[in-house]
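Below: one structure, written as structure tokens.
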Amino acid sequence: MPGGERRRAASAEAREARLAWCLAAPAIATILLVALFPLGWTVWESMHLHDLRMPWLGRSFIGADNYVEAVRDARFRQALGHTLLFTVATVTIELGLGCTLALAMNRAFRGRALVRAAVLVPWAIPTVVSALLWRFIFEGRAGIANALMVDVGLVREAPVWFIRSGLVWIPVVLADVWKTTPFVALLLLAGLQNIDASLYEAARIDGASAWRQFRHVTLPLLRPAILVALIFRTLDAFRVFDLVYVMTGGGPGTSTEPIALYTFNTLLQNLRFGYGSALSVIVFAVVFGLALGYIRFLGAGLTETRG
Amino acid sequence: MASVRLDGVEKVYPNGHVAARGLDIDVADGEFMVLVGPSGCGKSTALRMIAGLETPTAGRVLIGDRDVTALPPQERDIAMVFQSYALYPHMTVRENLAFGLRMRGAARPAIAERVEAVARPLGLDAVLDRKPGQLSGGQRQRVALGRAMVRDPKVFLFDEPLSNLDAKLRVETRAELARLHRRLRATIVYVTHDQEEALTLGSRVTVMRDGVVEQVGPPMEVYRRPASVFVAGFVGSPAMNFLQGDLVAVFGGDAQRGPVTLGIRPHDLVLTPADNADLIARVDVVEPRGSELLVHLRLGADGQGQEIRVVAPPEPMPPVDSVVGLHADRQRLHWFDTTTGKRIE
Amino acid sequence: MSRARWGTVAIVLLVLGSGFPLYWAIVSSFTPEARLYGTPSLIPRVLVLDHYRALFTQREFWVPIRNSLIVAGSTTGFCVLVGGLCAYALARLRFRGKAPLLGLILAVSVFPQISVVSPLYLLLRRLHLINTYPGLILPYLTFAMPLTVWLLVGFFRQLPAELEEAAMVDGASRLRTIREIVWPLAIPGLAATAILTFVYSWNEFLFALSFTLGPERQTVPVAIALFRGQYQVPWGQILAAAVVATAPVALLVLAFQRRIVQGLTAGAVKG
Ligand SMILES: Nc1ncnc2c1ncn2[C@@H]1O[C@H](COP(=O)(O)OP(=O)(O)OP(=O)(O)O)[C@@H](O)[C@H]1O
Ligand SMILES: [Mg+2]
């Protein structure tokens, strides 16, 4: 009898577990099918010579040759460099600016709704649209950016932004900063609003200066929010594709080509699926490594602020 | 109505926390059983295992004669009032009250009639068509009560139902619950961390500590003959005084083996003139409490000894720093074995 | 006082900074083509509907709009339905393997899209789904499903568990509880999640570019990006198209702004 009861008692939990798996199964199956299975396929593909332009070559196993080629590929290394440059530039600017904005907004009593609108619209519009929008702003001699700069007297002769490989980064970075800084500010503002106001009162009673309050109260407590924003932005920036594809096409030449765009071109323009897959795997590995590193970092940050 | 029995029930949460170890609780049919204990001692866990909201890791739960250990809550025929009341915010009071009947497939006219019948004595007829968000705290509490009462469940379970009410309303509702129990002759298991509530409401009281039952008994017995130092300190207000070790000799009494703890309730001590007293103490603080005084003293003529509390009549008020004597009725002393904490008869 | 003033300055800067490019795009989309290449002026002198007219008559811009609506709508519907059930289980039910599942979903949500383009292309080609609606919806699930589940788990966790416990004690089965208690209370969160998923799907570019061949199945972002005139860039039409592409998502997001901000920041702050 007790044995039978034990089995029945276990079955109450088993029933709940069974229901849980039934509810979760379709979504999990979808994720396995459309994300995990293709990822495995990419890895498999990356170890083969597979060129859709030359179907007669078939699909022969070549081990790590594609990866060796990637390491030797100057254009790939350049693309990696562009991606890093873009990531570091945009993430730094966006976090710095976003943090400043959030701190200032946290003090405002009015205008919450306006802020939300100003934040959400750039965030919600398609990247393709914001890329075109900023291209238009910087386009040619008649672009509004050039006109304003000449009017104000910043430059005498309007520069041609999209021809010179150094200048072209400015509108690209600016477009990204415009689209995402408000969002970063919003995340940080939410973090700031979670900080108990009495902490500041206590700090002020203890005679802490504004800087010390920021340094010893705001910054440590805001750290989780900052790290989350950092993760989101870094991973997003590293995957940059739409913005560059539409704004510069990677040009002039390949001087703004990020890694995702080079991979895309290798796959769908040159139809080199084996090599392109190897590049995909490298992008994946870098992004995943970054994410894992951050999560450890973030985890540490979280426990630290709790303890 | 039915009896409830926890039989060697154990609960280990997935995080490894042991919230109940070998709980044996027997609630007779029609009894008002109060589970009381400090925060985190596992009262809610025990109640939730009776309800079927948690599954015991070992042991059995019986309602009536039926082993319900493996049954989900909906098949146990119980009613529960939550501390937060858990009123369905998207339903009117009427729908909240009707929910349980509807889930059990009662006929529409029968539901309407029963809801009315329950709402009237609770003073809810005027607010039947409001949503819970538009009610006062006391009204919400009554809706929660009403929702438990519409069905005739085998057992009522209450998890600190009064803790969100203000002091006055709490005392009123306490009396109402006592009347309710008398009228319905219902089996009630009631969780609280308030020892006063436990003493006033319970037919019997179960004192819990760290997932273990410390003592079960009628309220006055738990108060008069606490089974352990823990129960003695937890039940009764102001809390019992405890004196250790060498004080045994002062009162004479039976010689004890090993260290002992002496417990004396503040009500059982009397202030006397200092001469010829068993025990001398210096008055430290005097708190007038209306009908009585709470006097804090320190043992010894120099006032350096252990702190001790005495409840004294309001007249005469002992001056602060005066030296007074203490007298205790020997019948009212509680002896405990210091190492085990258990009562010594 | 000065603290509040700094706040106001920041808000004004933020609103100007985000607003001006939008203003400029809208104004330019109503400016005649000839004036677009002259000296720009901040206040428009002549406004015309030419570009919008051309957009729908010459360019048949309603085709990509229809495509986007179908693809983003189907993706959203499927994800909210299927992902909602999964999220409920992950948020509420007790079962072994929950933590690894949540980890899996989080991991998949940081997948770079580019890393699955090659197999998806080969797969869709073999299934003859290139340049079809299912051929877009299927890839969209790679990012939309983890996103939906993740947002909804956060949302379901905010609903008080005691309500469901009370319902079960009152005699409702788990499924009945989901229908009678969880579902009505979850509608706002489901709506916010649906909007976010829709916005992400509507804006998606890489998959739509990779898995369509011609205008008949292109989505709005692809159609706009590939707008090219024969001799020069038709900026007027591009900007008109940009306004048309942005308007639905912008309006949706503004209409539900409070909830969306809650959803986004709650998920993020709690990590
Ligand atoms: N789901 C859970 N997972 C892990 N530990 C839990 C869980 N629920 C409760 N506990 C722990 O079990 C112990 C007993 O909890 P329980 O809620 O039964 O206490 P309680 O006596 O009702 O206290 P209170 O008076 O504060 O309500 C506590 O230490 C609590 O932290
Ligand atoms: Mg409790």
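The values are calculated or read from the model by the stated rules, or taken from the named source; none is laboratory data. If you're wondering where the values come from, they're calculated on a predicted model, not measured in any experiment. Methodologically, a virtual Cβ is constructed for each residue, glycine included, from the backbone with ideal geometry; neighbour enumeration extends over all protein chains shown. Each accessible area value is taken on the protein alone, full model and side chains, heavy atoms only, with ligands, DNA and RNA left out. Shrake-Rupley method; radii C 1.70, N 1.55, O 1.52, S 1.80 Å.
Worth a mention:
- Matching residues in region A:34-57 - criterion: being within 8 Å of chain C (Cβ to nearest Cβ), without any contact (Cβ under 8 Å) to a residue 60 or more places away in the chain and aliphatic (A, V, I, L, M): A:34, A:35, A:36
- Residue within region C:85-98 that is surrounded by 21 or more Cβ atoms within 10 Å (Cβ to Cβ), in the same structural domain as residue C:216 (by TED's automatic domain parsing), over 22 Å from residue A:272 (Cβ atoms) and not hydrophobic (A, V, I, L, M, F, W, C) present: yes
- Taking residues in region B:150-162 that are within 9 Å of residue B:83 (Cβ to Cβ), and partners anywhere that are within 16 Å of ligand 2 (Cβ to nearest atom) and of a type in the set (Gly, Ala, Ser), the pairs with Cβ atoms closer than 6 Å and at least 6 places apart or on different chains are B:159/B:44.
- Inspection of region B:154-162 identifies no residue that is within 16 Å of ligand 1 (Cβ to nearest atom), modelled with pLDDT under 90 and part of a loop (DSSP other than H, G, I, E, B).
- Under the condition of being open to solvent by 10 Å² or more (accessible area, probe 1.4 Å) and more than 12 Å from ligand 1 (Cβ to nearest atom), the residues counted in region B:32-54 number 1.
- Among residues that are open to solvent by 40 Å² or more (accessible area, probe 1.4 Å), among the β-branched types (Val, Ile, Thr) and at pLDDT 90 or above, residue C:70 is included.
- Any hit, region A:214-226, residues being assigned by TED's automatic domain parsing to the domain that holds residue A:66, part of a loop (DSSP other than H, G, I, E, B) and open to solvent by 20 Å² or more (accessible area, probe 1.4 Å): no
- Qualifying residues in region C:1-17 (those that are surrounded by 16 or more Cβ atoms within 10 Å (Cβ to Cβ) and within 15 Å of residue A:112 (Cβ to Cβ)) - the one modelled with the lowest pLDDT: C:7
- Pick from region B:315-345, criterion in a loop (DSSP other than H, G, I, E, B) and under 22 Å from residue B:225 (Cβ atoms), ranking: most open to solvent (accessible area, probe 1.4 Å): B:345
- Residues located in region C:106-121, provided they are more than 7 Å from chain A (Cβ to nearest Cβ) and open to solvent by less than 30 Å² (accessible area, probe 1.4 Å): C:107
- Comparison of B:238, B:219 shows that the only residue that is open to solvent by less than 30 Å² (accessible area, probe 1.4 Å) and either of a type in the set (D, E, K, R) or more than 29 Å from residue B:145 (Cβ to Cβ) (or both) is B:238.
- Given (1) crowded, with 24+ Cβ neighbours inside 10 Å; (2) within 14 Å of chain A (Cβ to nearest Cβ); (3) within 16 Å of ligand 2 (Cβ to nearest atom), number of the condition residue B:9 does not satisfy: (3)
- Residue within region B:182-201 that is within 16 Å of ligand 1 (Cβ to nearest atom), more than 12 Å from residue B:36 (Cβ to Cβ) and either open to solvent by 20 Å² or more (accessible area, probe 1.4 Å) or hydroxyl-bearing (Ser, Thr, Tyr) (or both) present: no
- First in region B:12-38 and more than 21 Å from residue B:231 (Cβ to Cβ), second anywhere and within 13 Å of ligand 1 (Cβ to nearest atom) and hydrophobic (A, V, I, L, M, F, W, C), Cβ under 7 Å, 6 or more apart: B:12/B:18; B:13/B:19
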